[in-house]
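Q: Take this structure, written in C-alpha cells, and hold onto it; I'll ask about it next.
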C-alpha cells in the first residue's frame, strides 16, 4: 500500500506557516550557495525531479540547457499562473508555504547563474499574492535576497508579478511575452527559452511545485528524493482530488499511487454514488473511467493508457454527471481562452462549441459526432502551443468512452440527466 | 479629462517605483494597468494615456494589451466584482444553479453592474480552488463551498454595506480599487490575516497525521 508523504504540505497545519518563524531558516539555500552551481544542477538531475507543471520535463536537464559563460543576463521565471481546470495545488501551496518557493528560487537561480528572478502569479488570487509578497519581503529583510546572500557574493533580486486574467499565460512563452508587457501569446519554438527567453536572454521557466521541491532535494539529498516514486517518475507530488468525492482535497504522495488508493483515503465517491469518469491531470488530459482506477499515477503509466499525468488534478464525476455537458463546458473554456494567434485553435474551438451546444440540447445528429472528431483532428498538433491540443482531449476521449451517451441525446431529443442531481446539495 | 495634479503626482511616484522593479520598463505595463484600476476602478482612457506616457509607448500599444486580459475592466465597474465559477467542475457541483439564481436575484448579467454601483457580476473560469467547489470570488478573494442561498445572502450583504469576510483570507473584504493596488505590487498589510490553510487543503495532511505517515527520513538525518 502506498502511503502519503507530506513534504511541501507538511507545515500547512501550523499557524503562521507562511512566515519565516513558521518555515524556519533557509538552511538548504545556505548549503546550496556553498556548493558549485553545477553541483546543484547535478543534484537536481540525480534526483530525477520532473516538471510539476504538467509536461514532466526533467528539471535538472532544463537547467543544464542554459549556456554558461555567455556574458548574457540569465533569468529564472516561476510559472505561478495556475489556471488549468481542476488544478489547485500551487495556490494553496503558495498561501500556506510561500517560503518553500522563495528558498527554491534562490537555489535554482544560483544554479543557473541568474541574478534576477520573477514569480508570475495569476492575478485572480489576491490573498495568495499577499502571502508571496510578504514572504519575499521577509527574505529581503533577512538578507536571503538582495546583495551578497549569506556572504557568498551572490546577488539575487526577486520580483512578484501579478497577471491579469489569461489562461494562456500558463504557457511558458506566452508567459514571457506577458511578463515583457505584451499580449500573452505563445512564441514559435525553437528557439526555446533556455536560449532566447525573457528579453531574448537564456531563461528557465519552472512550475511553482517544481521549484518548491528543490530545497528538500538539496537538504536531504538526491537519493532521498529518488527513493520515492517509480523508476522514471521519481519523488512526491501533490494530488488534488475534487468533485464527487467524500473528502476532496490535497494529498501529497509518491508518484505512482493509484486513484483507488487515493479514493480509499478520501472516503470514496460520495455516498450512494459511483465513479463515472475522471481527469488524471486537468481538463487537457484525456478522461479516464472506472476501468483506470488501478493505473499508477506516474508519467509513463498514465501515458501508456492514453492520457497524461499532467498536474495530478483529479476531477471526479459520478454517474449523475452528463459527460456531454462536461465536455461542452470545457470546450467553452478553451474557446474563451484561445489567444487567437493560430487559426486551427481559434476557429476550431469556436466551432466545437457551436456543435457541442447543439448536441447537448439533443438537436444534433450522428454526423455532428463525426464533425467534432474531425474538427479536433484538425486542431491537434497544428497550433503553436498546447492549448489547442488540450481542447481536443475531452472531445476525443469522451467520444471514445461515451459514444452511446452522445447518441442518447439526439435519440431522446434532449439531455437524459438532471443537473440538480449532480450538485452538492442535490445528493442530500 | 485629465488627472487632477495631486492624483497625477501620486500616480507618477507609484509608476516610477513599479518601473524600477524591472530590467526593462515595458515589463511594468501589467502592474501599471492594475495601478490605473486602483485609482479609476477600471482601465480609463486617461489611465491608458498615462501608461503610454510613462513607458514611451503609443496608446494603441497599451490598448492592445489592456484588451487582452479579462481582469482589466473597460468601463466603470462596481465596488465588488462578484464572480461565480462556471467551469465544468464547479458548474456540475452547483455553480450553474448559483449563477442562475444569483443573476436573477441581483438583476444583472455577466459583466454588468447594479444601478447602485455596488456589484459587477462575472462568470468566472477555473480559479484553482476546485476542492472547495462550488467557488465564488469577490474582488479576487475566496468564497468557498457556496450554495445559491449563501450567494444571494452575500450579494445582499455587500449591497447593504455589511462587513463580509472571505472564507480563506483577510478579516475584511477590500474594495475592487484597494485590491487592484495590491496587484500593482503595493502590499496592504493583510498578508498575515486568515489561516495558513483550511478545509480540503488539509485533508491529506490530517490523514497522514492520523496514520503516522511521513516522508522517508534522509540518510544520516536526525529529523
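Bear in mind that the values in this text are calculations on the coordinates, not laboratory data. Since the structure is predicted, the reported quantities are computational estimates derived from the model, not experimental observations. Neighbour counts are summed over all protein chains in view; Cβ atoms, including those assigned to glycine, are modelled from backbone coordinates with ideal geometry.
Q: Tell me the angle of helix A:366-379 to the major Cα principal axis of chain A, expressed in degrees between 0 and 90 and rounded to the nearest ten.
A: The two axes meet at around 20 degrees.
Q: Could you calculate the contour length gain from residue B:74 to residue B:111, that is, 0.36 nm times the residue separation minus the distance between their Cα atoms, to one decimal place in nm?
A: Roughly 12.3 nm would be gained on extension.
Q: Same structure, new question: Cα axis of helix A:98-112 to longest principal axis of chain A: angle in degrees, 0 to 90, nearest 10?
A: Relative to chain A, helix A:98-112 is tipped by roughly 70 degrees.
Q: Please compute one quarter of the surface area of the Cα convex hull for the range B:6-50 and express it in square nanometres.
A: Numbers: hull surface 11.2 nm².
So the Cα hull casts an average projection of 2.8 nm².
Q: Before anything else, pin down the relative contact order of the range A:323-422: Cα pairs under 8 Å, at least 6 apart, normalised by residue count, whole percent.
A: Values: 122 pairs, mean separation 34.0, N = 100.
Normalised by residue count, the contact order of the range A:323-422 is 34 percent.
Q: Would you report the distance distribution of C-alpha pairs in the range A:201-354 as whole percents per 5 angstrom bin, up to the bin with the largest distance?
A: Computed distribution, short to long bins: 2, 8, 15, 17, 17, 15, 12, 8, 4, 1, 0, 0.
Q: Additional query: For the range A:105-258, what class follows from the C-alpha gyration tensor (a ≥ b ≥ c being the square roots of its eigenvalues): rounded when a/c is under 1.5, otherwise prolate if a/b is larger than b/c, else oblate? Show your work: numbers first, answer last.
A: Values: a/c = 1.43, a/b = 1.17, b/c = 1.23.
Because its axes are fairly even, with a/c under 1.5, the range A:105-258 counts as rounded.
Q: Could you work out the relative contact order of chain A? I mean the mean sequence separation of Cα pairs under 8 Å and 6+ apart, divided by the number of residues, in percent.
A: 16
Q: Please state, rounded to one decimal and in Å, the Kirkwood hydrodynamic radius that the range A:236-318 gives when every pair of distinct Cα atoms enters the mean of 1/r.
A: Details: mean 1/r = 0.0821 Å⁻¹.
One over the average 1/r among Cα pairs gives 12.2 Å for the range A:236-318.
Q: Springs between alpha-carbon pairs under 10 angstrom, Gaussian network model over chain B: which of B:172, B:123, B:209 fluctuates most?
A: Result for chain B, Cα springs under 10 Å: B:209 fluctuates most.
Q: Over the range A:20-226, what is the percentage of antiparallel beta bridges among all DSSP beta bridges, to the nearest 5? Please report the intermediate quantities before stating the final value.
A: Values: 2 of 19 bridges.
Close to 10 percent.
Q: How high is the relative contact order of chain B, given as a whole-number percent (alpha carbon pairs under 8 Å, six or more residues apart)? Intermediate results must be reported in sequence, preceding the final value.
A: Details: 316 pairs, mean separation 40.2, N = 223.
Relative contact order here is 18 percent.
Q: What area, in nm² and to one decimal, does the C-alpha convex hull of chain B cast on average over all directions? Could the numbers behind the result be given before it?
A: On the way: hull surface 67.9 nm².
One quarter of the hull surface, i.e. the mean projection, equals 17.0 nm².
Q: Here's another thing I want to ask about it. Going by how many other Cβ atoms sit within 10 Å of their own, how do A:339, B:130 line up, fewest first?
A: Values: A:339 23, B:130 31.
In order of increasing Cβ crowding within 10 Å: A:339, B:130.
Q: Follow-up question, since we're still on this one. Determine the shape class of the range A:19-152: with a ≥ b ≥ c the square roots of the Cα gyration tensor eigenvalues, call it rounded for a/c under 1.5, and otherwise prolate if a/b is greater than b/c, oblate otherwise.
A: Details: a/c = 1.71, a/b = 1.17, b/c = 1.46.
In terms of gyration-tensor shape, oblate.
Q: From the helices alone, meaning DSSP H stretches of at least four residues, give me the mean residue ellipticity at 222 nm for chain A, per-run term -39500 (n - 2.57), in deg cm²/dmol to the nearest 500. Display every interim value, and only then the final one.
A: Details: 18 runs with 188 residues, N = 428.
-13000 deg cm²/dmol, from helical runs alone.
Q: Among A:84, B:163, B:178, rank each residue by its count of other Cβ atoms within 10 Å, from fewest to most, as a rough exposure measure.
A: B:163, B:178, A:84
Q: Under 16 Å from a point placed 7 Å out from the Cα of residue B:218 along the Cα-to-Cβ direction: which residues of the range A:19-52 have their backbone N that close?
A: Once the point is set 7 Å along Cα→Cβ of residue B:218, A:24-36, A:39-49 turn out to lie under 16 Å by backbone N, inside the range A:19-52.
Q: If you don't mind, there's one more thing I want to ask. Bins of 10 Å, beginning at zero and ending with the bin holding the largest distance: percent of Cα pairs per bin for chain A, please.
A: 5, 22, 30, 25, 13, 5, 1, 0
Q: Taking a ≥ b ≥ c as the square roots of the eigenvalues of the Cα gyration tensor of the range B:80-174, is the shape rounded (a/c under 1.5), prolate (a/b larger than b/c) or oblate?
A: Working: a/c = 1.70, a/b = 1.18, b/c = 1.45.
Oblate.
Q: If one computes P(r) from the Cα atoms of the range A:323-422, what percent of pairs lie at distances over 23 Å? Each step should come with its number before you reach the end.
A: Values: 1068 of 4950 pairs.
Taking all Cα-Cα pairs of the range A:323-422, the fraction more than 23 Å apart is 22 percent.
Q: Which residue, B:197, B:210, B:15, has the most motion in a Gaussian network model of chain B that connects Cα atoms within less than 10 Å?
A: Judging by the Gaussian network model, the answer is B:210.
Q: Taking 0.36 nm per intervening residue step and subtracting the Cα-Cα distance, what contour gain separates residue A:73 from residue A:407 on full extension? Don't skip to the answer; put the middle values down first.
A: Details: separation 334, 0.36 × 334 = 120.24 nm, distance 5.72 nm.
Difference between extended and current length: 114.5 nm.
Q: Let me ask another. Using Cβ counts within 10 Å as a stand-in for footprinting exposure, how do A:244, A:336, A:401 rank, fewest first?
A: Values: A:244 27, A:336 14, A:401 18.
Starting with the residue having the fewest Cβ neighbours, the order is A:336, A:401, A:244.
Q: Rounded to the nearest 10 degrees, what's the angle between the helix A:126-142 long axis and the longest principal axis of chain A, both from Cα atoms, 0 to 90?
A: 10
Q: Determine the calculated [θ] at 222 nm for chain B from helices alone, applying -39500 (n - 2.57) to every DSSP H run no shorter than 4 residues and normalising by the residue count; nearest 500 deg cm²/dmol. Don't jump to the answer; show the numbers that get you there.
A: Numbers: 8 runs with 87 residues, N = 223.
It lands at -12000 deg cm²/dmol.
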